[in-house]
Amino acid sequence: MTELTMAKALNAALGSALAEDPSVLIMGEDVGTLGGVFRITDGLLATHGAGRVIDTPLAESGIVGTAVGLAYRGFRPVVEIQFDGFVYPAFDQIVCQVAKLHYRTRGAVRMPLTVRIPWAGGVGAAEHHSESPEAYFVHTSGLRVVAVSNPSDAHFMLRQAIACDDPVVFFEPKRLYHVKGEVDLAAPLADAPPMGLARVVRPGRDATVVTYGAQVATALEAAEAAADDGVSLEVIDLRSLSPVDYDTIAASVRRTGRAVITHEAPGEAGVGAEVAAGITERCFHHLEAPPLRVTGHDIPYPPAKLERHHLPDLDRILDAVDRVLDRPHSLAGAAQ
Amino acid sequence: MTYLPSTTADPGTDMGPVAQVITPDGERVADATLEPWLHEVGDDVLVGLYRDMVRTRRLDREGVALQRQGQLGLWAPCEGQEAVQIGTARALRAADFVFPSYRESGVQLVRGATPTELIQVWRGEEQSMGDPFARRTAGPQIIIGAQTLHAVGYAMGIQRAEALGGVATDDVAVAYFGDGASSQGDVNEAMVFAASFGAPVVFVCSNNQWAISEPVRVQSRTPLAARAPAFGIPSLRVDGNDVLACFGAMRWALERARSGAGPAYIEAVTYRMGPHTTADDPTRYRDPAELERWRGRDPIARVHALLRARGALDDEAAADIAADADRLAADVREVCLSYRTRDPLTIFDEVYAEPHAALEAERRAYAAYLDGFEEGAS
Ligand SMILES: Cc1ncc(C[n+]2csc(CCOP(=O)(O)OP(=O)(O)O)c2C)c(N)n1
């Protein structure tokens, strides 16, 4: 076991992938000499050379579109989009080409691309640097979408994503880049939990809180606070946003009878809506209350000084927990 | 230093300066740029190009007819553009990889697409021509310009062939696109990437004057070929209705790319004689006189005239070529009429390369639903 930041855990995963498989290429803006604006690709150019760690022109559609051509030729490109809000110029290539070429060609063309996206808010960034675009990709068949919440998952899920024969959109919460955790770098990839599985990160009895990414930590804080209040919350880290591991979620909700889903992306047509519907379809007769969502507001990402009002904090989660438990809560008097 | 736009040539509405070696009357003329790429091209090669163009036109007319008869959902006619498609595609090697748009039926034909493959996309049976690796040709791209980036990426892969344990090759990737596509970000990004990495890729822009109803001047105030040098890519502007000019230009471009000199760009100035697709009505936006003017520049008629004048094509050979084209059309019609739509549950196949539990559950549920109908019916 090694204590590593998520940034270093990701860096080690990229290094292993490059070393183990000559078809792996790293591509993106500033990924070479600089090592990426978050230093996730630090040192990889020096070790593996400019043929494999490619500083590209500043053109997101170009980065993903040329990665498609490289995949045609047998490569496994790992693309870095510099920030979440800059993935939109590449949206067409991701949803129309990357996601669909395997289907269109009835399996003749594989698109084993990994699109890494430094993601979401809470770091006081400028406009377009804190967005949560995951729902756009979850809605697109042919893509797998994952979001990591700790250094060990970051390491192993990135290696799994690169090894996967399907395209994976890989969300890395930048708020967690410098948070440390234990990573067993020597552990075989085969022993790591599969990328598609959700994980119960804290067992509990009274309600299930489903979340992902940096919000896992907030949900755990809420669970800690609830425990002081005699309420036992089960916290599930989705890990995979597409497909969603409903087996794990439904098993939990059937026990607790109550569910709160929280994420920092806006709620409308978001992952939380999807999960709430999935829970309702599977657990209707076990539910003691409708599943509730606690999400970012349906607004463009607000200015940094106000982002704490946008990001669901432990109090907003606890308020929803009180509501699913039918306990007094701060919205008690409000019209619903 | 100030750069001013050149006003020497029209972006495309008329011929302007283009390289030509066969005139519309079928006269062989010399062009200083193209001649070095054409010397050992004899009449036999020209007869072959003629044959391919005749086949392409016959295929195209059959496609339109089948659509009108309700057998195809859509067809994108290429009549008038046979020379650019055949001239450039015939200059390729089998190992080169082609990324075409939806209008390149002639290119697909030259690359060996079967009659089934030629119509299955337009019949709505499949989304692609089939396995792109079988003939190193991607299926028709509908998203305007997207394929140009794929070609450049593929070319970057050629540069790295040895990384995958292969030997260094001089294969080339080719992107086909239209004048409208030249406005797309992807095409411009493709040129930036190609130039920056010196990728072995050839851009073939078929300037057929119209992007549905929009004339070239809506896309550009300069000839399209004039843009490429600003990206660091040399270009040629050729008569796209002159198959030999297209063949020579492509040989120049391919040789550049093969030799490691980097990308090259060809603007082939041509004309789409028919509608944009069978769903389009060009009489709403095109002047009939323009159509007539271009009819006089027909790419097939001029080669026919040249070969006849040289005594390289007698009545018998011409009849043989026509009969061959008719056979292709008959084959296309036959596969079209006998097409059997695949099992509906196969729509769930190959969405993912690896098992995907959610989709598998969806497939089982739909299978059970369909089974219910069969039981009810029996
Ligand atoms: C991204 C995108 N935008 C719009 C369309 C609709 N569309 C299809 S063909 C076309 C015109 C394309 O013109 P051009 O590139 O000149 O090719 P041509 O059809 O003339 O061969 C348009 C607008 C599309 N297919 N893709």
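Numbers at a glance
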quantity	calculated
Every residue from region A:40-57 that is within 13 Å of another protein chain (Cβ to nearest Cβ) and surrounded by 14 or more Cβ atoms within 10 Å (Cβ to Cβ)	A:His48, A:Arg52, A:Val53, A:Ile54, A:Asp55, A:Thr56, A:Pro57
Within region B:193-281, helices (runs of 4 or more DSSP H) holding 2 or more residues that are within 15 Å of the ligand (Cβ to nearest atom), away from chain A (no Cβ under 14 Å) and touching a residue at least 40 places away in the same chain (Cβ under 8 Å)	B:216-219
Subset tally (residues that are more than 14 Å from every other protein chain (Cβ to nearest Cβ) and surrounded by 24 or more Cβ atoms within 10 Å (Cβ to Cβ)) for region A:24-35	1
Residue within region B:326-334 that is within 14 Å of another protein chain (Cβ to nearest Cβ) and surrounded by 13 or more Cβ atoms within 10 Å (Cβ to Cβ) present	no
Exclusive hit being within 9 Å of the ligand (Cβ to nearest atom), within 9 Å of chain A (Cβ to nearest Cβ) and touching a residue at least 12 places away in the same chain (Cβ under 8 Å), set B:Ala173, B:Ala146	B:Ala146
Subset of region B:150-164 (residues that are farther than 18 Å from B:Leu254 by Cα and facing chain A (nearest Cβ under 7 Å))	B:Arg160, B:Ala163, B:Leu164
Filter pass, A:Val138 being more than 19 Å from A:Asp21 (Cβ to Cβ), in contact with a strand residue (DSSP E or B) (Cβ under 7 Å, 6 or more places away or on another chain), open to solvent by less than 10 Å² (accessible area, probe 1.4 Å) and within 14 Å of chain B (Cβ to nearest Cβ)	no
Failed condition for B:Gly180, given (1) within 11 Å of another protein chain (Cβ to nearest Cβ); (2) buried (at least 20 other Cβ atoms within 10 Å of the Cβ); (3) closer than 21 Å to A:Asp92 by Cα	(1)
Any chance A:Thr114 is among the β-branched types (Val, Ile, Thr), within 14 Å of chain B (Cβ to nearest Cβ) and more than 26 Å from A:Leu34 (Cβ to Cβ)	no
Pairs, first farther than 21 Å from B:Glu189 by Cβ in region A:36-62, second among the β-branched types (Val, Ile, Thr) and open to solvent by less than 40 Å² (accessible area, probe 1.4 Å), C-beta under 7 Å, six or more apart	A:Thr41/A:Ile26; A:Thr41/A:Val31; A:Thr41/A:Val53; A:Leu44/A:Ile26; A:Leu44/A:Val53; A:Leu45/A:Val53; A:Arg52/A:Ile26
Members of region B:281-312 found to be open to solvent by less than 60 Å² (accessible area, probe 1.4 Å) and among the hydroxyl-bearing types (Ser, Thr, Tyr), listed by number	B:Tyr285
Selection count, region B:102-135, where residues are within 16 Å of the ligand (Cβ to nearest atom), within 14 Å of chain A (Cβ to nearest Cβ) and out of contact with any Lys or Arg (no Cβ under 8 Å at 6 or more places or on another chain)	2
Near pairs, Cβ below 8 angstrom, 6+ apart or cross-chain, from region A:89-110 (at the interface with chain B (Cβ under 8 Å from one of its Cβ atoms)) to any residue that is in a helix (DSSP H, G or I) and acidic (Asp, Glu)	A:Pro89/A:Glu60; A:Asp92/B:Asp186; A:Gln93/B:Asp186
Conditions (1) more than 10 Å from chain B (Cβ to nearest Cβ); (2) open to solvent by less than 10 Å² (accessible area, probe 1.4 Å); (3) under 19 Å from A:Val37 (Cα atoms); number of the one not met by A:Ala126	(2)
Which listed residue, of B:Gly106, B:Gly130, B:Gly165, is at pLDDT below 95 and farther than 30 Å from A:Phe91 by Cβ	B:Gly165
Selection count, region B:258-307, where residues are in contact with a Gly (Cβ under 6 Å, 6 or more places away or on another chain) and over 14 Å from B:Asn208 (Cβ atoms)	4
Residue in region B:220-227 that is open to solvent by 30 Å² or more (accessible area, probe 1.4 Å) and over 26 Å from B:Asp242 (Cβ atoms) present	no
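Residues checked against (1) within 10 Å of chain B (Cβ to nearest Cβ); (2) in a helix (DSSP H, G or I):
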| residue | (1), (2) |
| --- | --- |
| A:Ala9 | no, yes |
| A:Ser16 | no, yes |
| A:Pro22 | yes, no |
| A:Phe38 | no, no |
| A:Gly65 | yes, yes |
| A:Gly74 | yes, no |
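The values are calculated or read from the model by the stated rules, or taken from the named source; none is laboratory data. Keep in mind that what you see is a predicted model, and the values were worked out from it rather than measured. Don't worry about glycine lacking a Cβ; one is built from the backbone with ideal geometry, like all the others, and counts go over all protein chains shown. What goes into the accessible areas is simple: the full protein's heavy atoms, side chains included, and nothing from ligands, DNA or RNA. Shrake-Rupley method; radii C 1.70, N 1.55, O 1.52, S 1.80 Å.
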